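Below is one structure, written out as structure tokens; the observations come after it.
The values are calculated or read from the model by the stated rules, or taken from the named source; none is laboratory data. Just so you know, these numbers come straight off a predicted model, no measurement behind them. No Cβ is skipped: glycine too gets one built from the backbone with ideal geometry, and neighbour counts run over all protein chains shown. Keep in mind that these areas ignore ligands, DNA and RNA; they rest on the heavy atoms of the full protein, side chains included. Shrake-Rupley method; radii C 1.70, N 1.55, O 1.52, S 1.80 Å.
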Amino acid sequence: MTVTIVGAQLGDEGKGGIVDLFGEPADVVARYQGGDNAGHTVVHEGVEYKLSLVPSGAVRGKIGVLGNGCVVNPRTLFDELDTLADRDLDPDVRVARRAHVIFPYHRVLDGIEEDVKSETDDEVGTTGRGIGPTYEDKAGRRGLRIGDLTDEDVLRRKLEYVVPQKRALAEDVYGVDVGEEFDIDALFEEYREYGERLADEDMLVNAGDFLAERLDAGDNVIFEGAQGTLIDIDHGNYPYVTSSNPTAGGAATGTGLGPDVIGGGEIIGIVKAYLSRVGSGPMPTELAGVEGDTPGYEGNAGEREEALATEIREAGGEYGTVTGRPRRVGWLDMPILRHATRASGFSGLAVNHIDTLAGFDELKIGHSYTLDGEELLTIPATTEEWGHCEPNLRTFEGWDDADWEAVAADGYDALPANAQTYLDYISDELDTPIYAVGVGPGREQSVVRERPFE
Ligand code: IMP
């Protein structure tokens, strides 16, 4: 059977922990979108690995697949594989021949466009990994696919077509001098070798065929969505989005399996019990604000709200992993979750960070919005309208800190009664059962009600 894991909010919901928790019986972990813009830390036998392409399950002996919907930077892929090999780990990673290749010029162009947009404060805040420019080339039918790296004639012909266009874009449109990232011969040599290595190491697959065979043979497969619903290119907060579909439909188009396969399995929405956001854009339930990120922030949210925001930020560790920048925090936002539940058809939920919210007298949840005098239960389609939404907050009684490991061991009924009320409200509003509740960062710090593979 299959289990698809999707972030229900803005990324950073704790998807990795849930893949770990539910993934034990899985034989294959497949990614269906995105590239090395995702990041996860895997601890294996006491050693910590930071990975962005190799699925974490592959370090634990499962087959990792990068599906056709992914964009793959072979430099990153082989860097990660070589680092793991240095530690005597030899993960079995397969790459779809139909996946698109991120070239060095994509990264350069990603950076140039962000710089230009930043002059008018319009930058997206991308990860700079060349994700958007690579998907642009895919849609523009000028991209190179992983399978092209194994055919020298095709590789050279395609590079000769596309690289001069990219060079002209950088130099003539943006006025930027470029280097060997745009050198056809250098690119040909380096990427031809990647093609050879992919073939020699038997890493190339037709993803749909490969996965269908494994499912026919009775394997369990996890589809691991990266990023989150509100960063989806179609269903997210455009243009502050990534260039792929993290929502569950992406698991079909991004692997070559039918929607019946994805929908016939479980689709789990991962929810953080409050909301956090990196960078700019609307956030109606935001508690206080972060200078430089919150639109129109003037530090005037009021002492109580500022204190609450700081407390949740500290307790939840809501600081950028790379930059250390504070993330924006706010109350749980139900319009976002209704939108995500509809877009992906969640069959179950995992709600993380219930321990982070412990110790408050009361908590709020954004039940709906008011826009132009009307109540909205889900988010409006334009970012501008979303920015004008006022949240209608409901108040919930708080719960005390607890021995969370004991709670995890004893099950759902051991959760504080007010936490259960909070969780039951979410489940009822979304008409979706809660399969797991995160009460701490470790795998054993989860209350499990339902294991989707069992
Ligand atoms: P890109 O995916 O690098 O093009 O970045 C586009 C947007 O998606 C930016 O706002 C990024 O911060 C966001 N983003 C990309 N990957 C992740 C992720 O793994 N977690 C959270 N946000 C992400």
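Under 17 Å Cα to Cα from LYS158, which lysines show up? Leave out anything in the same chain fewer than 8 places away.
LYS138, LYS166
Separation of the range 300-346 and the range 227-296 by C-alpha centroid, Å?
14
Based on the Cα gyration tensor of the chain, what are the three equivalent ellipsoid semi-axes, each the root of five times an eigenvalue, rounded to whole Å and given largest first?
37, 27, 19
Need one number: nm distance between label points at ALA85 and ARG157, each 7 Å from Cα along Cα→Cβ, rounded to one decimal.
3.1
Rounded to a whole number, what is D in µm²/s for the range 1-150 from Stokes-Einstein with the Kirkwood radius over alpha-carbon pairs (10 °C, 1.306 mPa s)?
Estimated via Stokes-Einstein, D reaches 97 µm²/s.
If you average 1/r across every pair of different Cα atoms in the range 338-454 and take the reciprocal, what Kirkwood value do you get, in Å?
15.7
Roughly speaking, to the nearest percent, how much of the chain's 1.4 Å accessible area is carbon and sulfur?
43
Alpha carbon centre of the range 138-201 versus the range 416-444: separation in Å?
The range 138-201 and the range 416-444 have Cα centres spaced 48 Å from each other.
In square angstrom, what is the accessible area per residue of the range 265-359 with a 1.4 angstrom probe?
36
Any idea what the relative contact order of the range 100-166 is, in percent, if you count C-alpha pairs under 8 Å spaced at least 6 apart?
After rounding, I find 35 percent.
Assuming R0 = 41 Å, can you tell me the calculated FRET efficiency for the pair GLU119 and ALA402, based on Cβ-Cβ distance, to the nearest 0.05?
0.25
At a Förster radius of 56 Å, what calculated FRET efficiency corresponds to the Cβ-Cβ distance of ALA168 and ASP372, to the nearest 0.05?
Taking R0 as 56 Å, the efficiency between ALA168 and ASP372 is 0.75.
Measuring with a 1.4 Å probe in the full set of protein chains, what accessible area per residue, in whole Å², belongs to the range 50-175?
On a per-residue basis, the range 50-175 sits at 46 Å².
Ordered by packing density, taken as the mean number of other Cβ atoms within 10 Å over each peptide's residues, highest first, how do 401-411, 39-49 rank?
Result, highest mean first: 401-411, 39-49.
Between GLU314 and THR383, 0.36 nm times their residue separation minus their Cα-Cα distance comes to what?
The span from GLU314 to THR383 would gain 22.0 nm if fully extended.
To the nearest 500 deg cm²/dmol, what mean residue ellipticity at 222 nm is calculated for the chain from DSSP H runs of n ≥ 4 alone, each contributing -39,500 (n - 2.57), summed and divided by the residues?
-10000 deg cm²/dmol
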